[in-house]
Amino acid sequence: MKALWQFFGLSDQNGDEQPPEEVPAPPRATVIGPGVSIKGELRGDGALTMLGQFEGEVVLNGAVHIGPDARVDANITASDIIIAGAVRGNLSAEGRVEILGSGSLTGTLKSGSLSAGTGATVKGEVWVEPPAPREAGARS
């Protein structure tokens, strides 16, 4: 009950003022749930998990996970991309792209690393090359 009182910014039942507790920042993750269909553009930082349908463009500084029942028709740029569902579009990942056995990709893929599970399908162009080394004076 004490936590509930603090949540609303009130004192506890005894009338004593309680110092505010430090609450850790929530992880930066977004979930597009099953049964949800979105058209548009997603940009930002943090992880994204798609379990529903998405059409458009995704540009994230974070990982993108495509769930087994997800249907995605989009260009995706992210640090890592893991596919368990169906994706149609152009993918670009600084790190790795992993296509699980239930996953399929139709489109162009450019990544530093690629792995595909047994049963995965890939139709299109694939470029796998390690990321270019950063110059000593370059900013990230």
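The C-beta contact set for the stretch 89-111 (first residue at pLDDT below 95, second residue among the hydroxyl-bearing types (S, T, Y) and part of a loop (DSSP other than H, G, I, E, B), distance under 6 angstrom, 6+ apart or interchain) comprises E94/S79; G95/S79; G101/T118. Restricting A132, A86, A78, A63 to those that are at pLDDT 95 or above and out of contact with any Leu (no Cβ under 7 Å at 6 or more places or on another chain) reduces the list to A86. Of all residues in the stretch 53-69, those satisfying the criterion of being more than 13 Å from the chain's Cα centre (by Cα) and in a loop (DSSP other than H, G, I, E, B) are P68, D69.
Pairs meeting the criteria (first residue in the stretch 75-86 and over 14 Å from A63 (Cα atoms) and in contact (Cβ under 8 Å) with a residue 24 or more places away in the chain, second residue among the charged types (D, E, K, R) and part of a strand (DSSP E or B), beta carbons under 9 Å, at least 6 apart or on different chains) are G85/R71. For the stretch 90-99, the set of residues classified as farther than 17 Å from L51 by Cα and crowded, with 20+ Cβ neighbours inside 10 Å consists of L91, A93, V97, listed by residue number. Taking the conditions exactly as written (at pLDDT 95 or above and at negative phi), does E22 satisfy them or not? When the stated conditions are applied, E22 does not pass them. Entry remark, the stretch 53-79: residues being under 16 Å from S104 (Cα atoms), buried (at least 19 other Cβ atoms within 10 Å of the Cβ) and not β-branched (V, I, T) number 6 in total.
Pairs needed: first member in the stretch 123-139, in a loop (DSSP other than H, G, I, E, B); second member anywhere, at pLDDT 70 or above and among the aliphatic types (A, V, I, L, M); C-beta distance under 9 Å; at least 6 residues apart or different chains. That search, which allows pairs on different chains as well, returns G124/L105; G124/L109; E125/L109.
The values are calculated or read from the model by the stated rules, or taken from the named source; none is laboratory data. Model, not experiment: these values are computed from the prediction. With ideal geometry, Cβ positions are generated from the backbone for all residues, glycine too; neighbour counts draw on all protein chains shown.
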